[in-house]
Structure formats: structure tokens, C-alpha cells
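Inspection log for the structure reproduced underneath, given as C-alpha cells.
The values are calculated or read from the model by the stated rules, or taken from the named source; none is laboratory data. Bear in mind that the values here come from a model prediction, so they are computed numbers and not experimental data. Don't worry about glycine lacking a Cβ; one is built from the backbone with ideal geometry, like all the others, and counts go over all protein chains shown.
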Amino acid sequence: MSFQFDKWGSGDFVVEIAKCPGDGFTTSWGEFIPPSKVNVPYLHPRLRLGAKGEDSDHWFKFRRLSAECAKIVQLIDTQAEQWWHAG
């Protein structure tokens with residue numbers, strides 16, 4: 001899971017999830033990444049919580065952090081758990 005903040009300082013952010021084999025993975029260019037060094041941006045597919053699919057987008061508002069955190073927790077319990085266990 002990773003958090004990415006809007007580069008323009010709008011206070012918006014995304015929460016991305018991905019999955020990786022327990023023993024790490026090899027990139028498309030042949031570099032092996034051990035599990036202790038894996039970051040979400042290395043992995044495909046990945047999903048932005050709240051998005052309708054892998055090619056969709058969803059941004060949370062930092063200025064409504066309390067409400068957004070509650071949504072994120074709910075999405076972890078529903079969307080993320082379902083996505084992690086699929087396929």
C-alpha cells in the first residue's frame with residue numbers, strides 16, 4: 001500500500017495497493033527486487049482505492065482527512081481485501 005500526494009499541492013492524495021509474491025519479483029527489465037525492497041510503483045497490476053477498476057482514478061481530499069480515513073479503512077476491508085484475494 002502506498003500514498004501518493006498531488007504534486008501541485010492541492011491536498012489531494014491517492015491510496016494504491018498491489019500484491020507481490022512473498023519471495024520478491026523480477027522486473028520486466030530483469031532486475032530482481034527482494035521482498036524487503038518492493039514498492040507499490042514497481043508492481044502491476046495495482047489499484048487505487050475507491051477507483052472503479054485498474055485503469056480508473058480516485059483522489060481523496062486531505063482537507064477532509066477524518067472522513068477520508070474512515071472511507072479508506074472501509075475500502076481496505078472491502079475493495080482491497082477482495083482485490084488482493086482475486087486471481
Exercise for the section: Name every residue in the stretch 53-66 that is exposed (fewer than 11 other Cβ atoms within 10 Å of the Cβ) and either modelled with pLDDT of 85 or more or in contact with a helix residue (DSSP H, G or I) (Cβ under 8 Å, 6 or more places away or on another chain) (or both), in order of residue number. Expected result: ASP57, ARG63, SER66
Practice task
Identify the single condition in (1) in a loop (DSSP other than H, G, I, E, B); (2) surrounded by 15 or more Cβ atoms within 10 Å (Cβ to Cβ); (3) small (Gly, Ala, Ser) that ALA80 does not satisfy, given that it satisfies every other one.
Solution key: (1)
Exercise for the section: Scan the stretch 14-40 residue by residue and report those that are in contact with an Asp or Glu (Cβ under 8 Å, 6 or more places away or on another chain) and either hydroxyl-bearing (Ser, Thr, Tyr) or under 19 Å from ASP55 (Cβ atoms) (or both). Expected result: VAL14, VAL40
Exercise for the section: Name the single residue, out of those in the stretch 1-45 being surrounded by fewer than 14 Cβ atoms within 10 Å (Cβ to Cβ) and among the basic types (Lys, Arg), that is farthest from ILE72 (Cα to Cα). Expected result: LYS37
Fill in the blank from the handout: Residue hits (the stretch 52-87; free of Cβ contacts under 8 Å to residues at least 12 places away in the same chain and within 22 Å of GLY9 (Cα to Cα)) are SER56, ARG64, LEU65, SER66, ALA67, GLU68, CYS69
Handout entry: Positions within the stretch 26-46 being aromatic (Phe, Trp, Tyr) and modelled with pLDDT under 90, in sequence order
Key = TRP29, TYR42
